[in-house]
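Let me begin by presenting the structure, written as structure tokens, before commenting on it.
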Amino acid sequence: MNVHSITKPAARKACQSFAFLDGIASPTDLRNMPRSALPQLSDELRQEIVQIVSQTGGHLGAGLGVIELTIALHYAFDTPQDKLIWDVSHQCYPHKVLTGRRAGMRRIRQGGGLSGFTSRKESAFDPFGAAHSSTAVSAALGYAAARDLEGGNNAVIAIVGDGAISGGMAYEGLNNLGAQRRRMIVVLNDNNMSIAPPSGALVDYFAKLRARMPEADQRAAAIDEHRLPSFVDEETLFDDLGLRYAGPFDGHNVDELVKVFEAARAYDGPLLLHVVTEKGKGYAPAASSDDKYHGVSKFDIETGQQHKGTAKAPSYTSVFAQALINEATADEKVVAVTAAMPSGTGLDRFGKAFPDRCFDAGIAEQHAVTFCAGLACEGFRPFAAIYSTFLQRAFDQIVHDVAIQRLPVRFAIDRAGMVGADGVTHQGSYDITYLACLPDFVVMAAANEVELVRMVATAAQIDDRPSAFRYPRGEATGLELPETAQPLEIGKGRIVREGTSVAILSYGARLAAALEAAGQLSRIGLSTTVADARFAKPIDDRLVARLVRDHAVVVTLEEGAIGGFSSQVMDSMRRQRMSDAMARIVPMYLPDAFIDHDAPALQVARAELDAKAIVMRVTDALRFDDVTLQPVRVVAAE
């Protein structure tokens, strides 16, 4: 069935009627259906997913690739008593439709709506939340161990993609599963695709396994005879790890999958089922796209054309990519490393310009960071371009392999701050805090695209210690970029707007909100200075001292968690013996809470970091704290 060939948006209703899908309120209803109905149900569910995502945007290709797999799992297993644990869970949309959440799918990834990933707080059918990769095997093994300790008998199934299973944590889980010999099933969903085409030696290994899959009639005969056959002549890597390997099986043959899963449920031991699928299956624009429509905006079903607004400025990601290309053009020692996100970080462009100097480490942030450390040891200038939320997975490597050895690895931290629809698991909340606490680390944040270009140039010249610069998701501000990027003076901020009563010391992309708030404050008689700190570490002590000395209130502003930039400001004041002026400081940072999916502007407003919140905090401080301007004695910072 090809949705693209049969579906016309003019004839579609907001919620189309389906013969079988409309009768499913839970997997129990699915299991009461005759097996002969499952192929048509697969067609209906695939159409429903295309219709939903065309209206909402979100993750499409992964879900289309697991339609039959999802139906077969819920048909063969007694969910939610049997536990289905989806790795990453980009592919969970069909699972959500079948588990009582169909009505809520048209608000998925919107404020107050369903999460785009599995979520324990959302449904009993989501036993483990996910969004980062390679966690499912370990979580499932924990479930299996708990079951065995309690004398239970339920099945535990981890569904892991060929991209996710390349991550080191997946192999840690497999290693322990093979040693513990627990009854647990790992379904390898092999579509030869991650967010980008997968990298690493496992790509070729899985291709060799896939090539052993025989024709349908041979598979059917082998399943009838052996129940869980392996079509690979020799033992596989998984057999050597202590798991029984079975497959490869056709992930789009729902009857075949049901038979295999029913046999697997009775198997007493660790089992890996190799299932071959196609990302984007059944919708031609997705299947033919390079990224298989991994993540899309709203689109026209007939043409596949996505409804993207007209960009007013280039994205921060593209600005970074071009700036890094410029640095690499001038310096052959500049190299770039990503962890399975070449397009998301802009390094796909860098890779086209310098294919020998661009490395995709796969879903392996820890390896990527230490790989960069090795490059730095040999005099290269590595830039590790990793989202903030994913960089936190490699914190030990940042400390142990980079910072302690003072190696000049440069961290380009994309998606810093609120990220919108991807929500709580992807917010870039913690990098300021977890990097600024490290000795001799240069930590920067770009207020706009011009500053970002200059920070790339600055990082390229820092050869005696590690450095990092953060920048947000989305469009930049539209400023004209310089032809030649001038590096910044390390540890020096700048005054953007002069005032006399109130100062706002902004770190990073909140600068525009600071300027907006300054305008509002000035209109009510509070002349306001706005400064761009540029550096959280080393912080500009003189700038901090001037702002505190000359203003009644100083707001510190950052789109990061507690313990970040504001802590550096207060430490600067302590070192300069200005502790008696602490009452003048109004620190503004992310609240002590996880912020769910919504539009980025609404997330920032909920976090009370927008211009309105700044004005409110300043007026409250002046009204209730009776802050008055007094001279402050300043001594040189130690």
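The values are calculated or read from the model by the stated rules, or taken from the named source; none is laboratory data. Not measured: the values here are computed from a predicted model. Positions of Cβ are generated from backbone atoms using ideal geometry, with glycine treated the same way; all protein chains shown enter the neighbour counts. Just so you know, the surface numbers come from the protein's heavy atoms only, side chains and all, with ligands and any DNA or RNA stripped out. Shrake-Rupley method; radii C 1.70, N 1.55, O 1.52, S 1.80 Å.
Ordered by 1.4 Å accessible area with all protein chains kept, Leu41, Leu407 run largest first as Leu407, Leu41. Stokes-Einstein diffusion for the chain at 37 °C, viscosity 0.692 mPa s, with a Kirkwood radius from C-alpha pairs, works out to 124 µm²/s.
For Glu483, Glu302, Glu489, give the ranking by accessible area with the largest first, probe 1.4 Å. Spell out each step's value before the answer.
Values: Glu483 185, Glu302 75, Glu489 120 Å².
From most exposed to least exposed: Glu483, Glu489, Glu302.
One chain, two ends: Asp440 and Glu332. Fully extended at 0.36 nm per residue, the span grows by 36.3 nm beyond their Cα-Cα distance.
Looking at this model, which pairs from Lys83/Lys308; Lys83/Lys259; Lys298/Lys537 are more than 30 angstrom apart at the alpha-carbon?
Numbers: Lys83/Lys308 38 Å; Lys83/Lys259 19 Å; Lys298/Lys537 41 Å.
From Lys83/Lys308; Lys83/Lys259; Lys298/Lys537, over 30 Å: Lys83/Lys308; Lys298/Lys537.
Label-to-label distance for Glu172 and Glu122 is 2.6 nm, based on points extended 7 Å past Cα in the beta-carbon direction. The residues of the chain present an accessible area of 39 Å² per residue when probed at 1.4 Å with all protein chains retained. A simple spin-label model places the labels of Asp233 and Ile495 8.0 nm from each other, with each point 7 Å out along Cα-to-Cβ. Per-residue packing, averaged as other Cβ atoms within 10 Å, sorts the ranges 408-418, 263-273 into the order 408-418, 263-273, beginning with the highest. Taking only protein heavy atoms and a 1.4 Å probe, the accessible area of the chain is 50% carbon and sulfur. Each Cα pair under 8 Å and six or more residues apart adds its sequence gap; the mean of these over the residue count of the stretch 411-450 is a relative contact order of 25 percent. Relative to the longest principal axis of the Cα atoms of the chain, the long axis of helix 38-56 makes an angle of roughly 20 degrees.
In this calculation the C-beta distance from Arg244 to Gln461 is compared with R0 = 60 Å, giving a FRET efficiency of 0.65.
Angle of helix 565-575 to the longest C-alpha principal axis of the chain, folded into 0 to 90 degrees and rounded to 10: 40°. For Thr425, the solvent-accessible surface computed with a 1.4 Å probe is close to 50 Å², ligands and nucleic acids excluded.
Projected label points at Asp22 and Ala146, each 7 Å from Cα along the beta carbon direction, are separated by 3.9 nanometres. To the nearest ten degrees, helix 365-377 and the longest principal axis of the Cα atoms of the chain are 50 degrees apart. Given a 1.4 Å probe and the protein chains as shown, Ser579 ends up with an accessible area of around 60 Å².
Lys279 exposes around 10 Å² of accessible area when a 1.4 Å probe is run over every protein chain in place. Sorting Arg473, Arg454, Arg120 by accessible area puts them as Arg120, Arg473, Arg454; the probe is 1.4 Å, largest comes first, and only protein heavy atoms count. When the charge dipole of the chain is built from unit charges on Cβ atoms (+1 for Lys and Arg, -1 for Asp and Glu) and taken about the Cα centre, the candidate among Ala512, Ala170, Pro94 whose Cα reaches farthest toward its positive end is Ala512.
Could you work out the relative contact order of the chain? I mean the mean sequence separation of Cα pairs under 8 Å and 6+ apart, divided by the number of residues, in percent.
Across the chain, relative contact order equals 11 percent.
Once fully extended, how much extra length lies between Arg574 and Asp300, figured as 0.36 nm per residue of separation less the alpha-carbon to alpha-carbon distance?
Values: separation 274, 0.36 × 274 = 98.64 nm, distance 5.81 nm.
So the chain would gain 92.8 nm between Arg574 and Asp300.
Counted residue by residue at 0.36 nm each, then reduced by the alpha carbon distance between them, the extension gain from Ala266 to Ala222 reaches 14.1 nm. May I ask for the distance between the Cα centers of the stretch 262-276 and the stretch 301-366, given as a whole number of Å? Result: 39 Å between the Cα centres. Is the C-alpha gyration tensor of the stretch 61-136 telling us rounded, prolate or oblate? Criteria: a/c under 1.5 is rounded; beyond that, a/b larger than b/c is prolate, otherwise oblate. Rounded is the answer for the stretch 61-136, as its axis ratio a/c remains below 1.5.
Between Rg and the Kirkwood Rh of the stretch 357-414, both from Cα atoms, what is the Rg to Rh ratio? Show your work: numbers first, answer last.
Numbers: Rg = 10.2 Å, Rh = 11.1 Å.
The Rg/Rh ratio comes out at 0.92.
When you count the other C-beta atoms within 10 angstrom of each residue and take the mean per peptide, 345-357, 122-134 line up highest first as 122-134, 345-357. Among the trypsin sites (Lys or Arg not before Pro) in the stretch 154-222, those located in a DSSP loop and surrounded by at most 16 other Cβ atoms within 10 Å of their own Cβ are Arg181, Arg212. Computed from the Cβ-Cβ distance with R0 of 45 Å, the FRET efficiency linking Glu378 to Ala605 stands at 0.45.
Here the stretch 489-638 carries DSSP beta bridges of which approximately 15% are antiparallel, counting only pairs with both residues inside.
Report the calculated FRET efficiency for Ala179 and Asp356 (r = Cβ-Cβ distance, R0 = 41 Å), to the nearest 0.05.
On the way: r = 40 Å, r/R0 = 0.98.
Here the calculated transfer efficiency is 0.55.
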